[in-house]
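> Before I ask anything, let me first share the structure, which is written out below as structure tokens.
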Amino acid sequence: ELFENVRQGSLECVALCEQAQHYRDLAMQCTQAITGMPGSGDKTGKQERFVTALVDVQKELQERLHTLIENKAKAEELIDTLQDPQERAVMRMYYLSGLSMEEIAEHAGKERTWPYRLKKEALKKLGN
């Protein structure tokens, strides 16, 4: 479960970063509209909503990053206990670097089933 939390947490943090950038862009568009059009109070309200949403997303991102960092450290400690260097490499690439199984197989010059087999064996050894 720890390993899946790390992988999923990484994906969620990327999504939150994209969401934060979206709100930054919207707030900037409102700022440009406000400075170019005097007396446009409606755009000021929109800007406040976007900035509030941005702050909320950034808080959530900070909390998730903190959890992700802790989980990655725990996962790395567990991965380091594996004796087989290929199992360690597959586990690191998949869970810590976020590569797909296909990317791992291609990177290693192996058949597509190779990383799946190694991951399964490694998880069994780690008790997951």
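The values are calculated or read from the model by the stated rules, or taken from the named source; none is laboratory data. Because the structure is a prediction, the values reported are computed rather than measured. We place every Cβ from the backbone using ideal geometry, glycine too, and count neighbours over all the protein chains shown. Surface areas here come from the heavy atoms of the whole protein model, side chains and all, with no ligands, DNA or RNA. Shrake-Rupley method; radii C 1.70, N 1.55, O 1.52, S 1.80 Å.
> If I take R0 = 25 Å and measure r between the Cβ atoms of Glu111 and Glu1 in this structure, what FRET efficiency does the formula 1/(1 + (r/R0)^6) give, to the nearest 0.05?
Computed FRET efficiency for Glu111 and Glu1: 0.30.
> Within 10 Å, at most 15 other Cβ atoms, and a DSSP state outside H, G, I, E, B define an exposed site. Report the longest part of the chain free of exposed GluC sites (Glu not before Pro).
Here the longest segment lacking exposed loop sites spans 2-110.
> What are the trypsin sites (Lys or Arg not before Pro) within segment 43-128 that DSSP puts in a loop, where the Cβ has at most 16 other Cβ atoms within 10 Å?
Qualifying residues, ordered by number: Lys110, Arg112.
> In the chain, carbon and sulfur make up what percent of the accessible area (probe 1.4 Å)?
The computed percentage sits at 52.
> Accessible area per residue for the chain in Å², computed with a 1.4 Å probe and the full protein assembly in place, what is it?
65 Å²
> Check the straight Cα-Cα distances from Lys59 and name the lysines below 27 Å, setting aside those fewer than 8 residues away within the same chain.
Lys43, Lys46, Lys72, Lys74
> Under 14 Å from the Cβ of Glu63, count the other residues' Cβ atoms, weight Lys and Arg +1, Asp and Glu -1, and hand me the total.
Cβ neighbours under 14 Å give a net charge of -2.
> Here's a follow-up. Which of Gly45, Tyr94, Ile69 sits closest to the plus end of the dipole of segment 38-111, meaning its Cα is farthest towards the positive end, when Lys and Arg get +1 and Asp and Glu get -1 on the C-beta?
Gly45
> Which aspartates and glutamates have a Cα less than 14 Å from the Cα of Lys124, not counting those fewer than 8 places away in the same chain?
Candidates past the 8-residue exclusion: Glu1, Asp84, Glu87.
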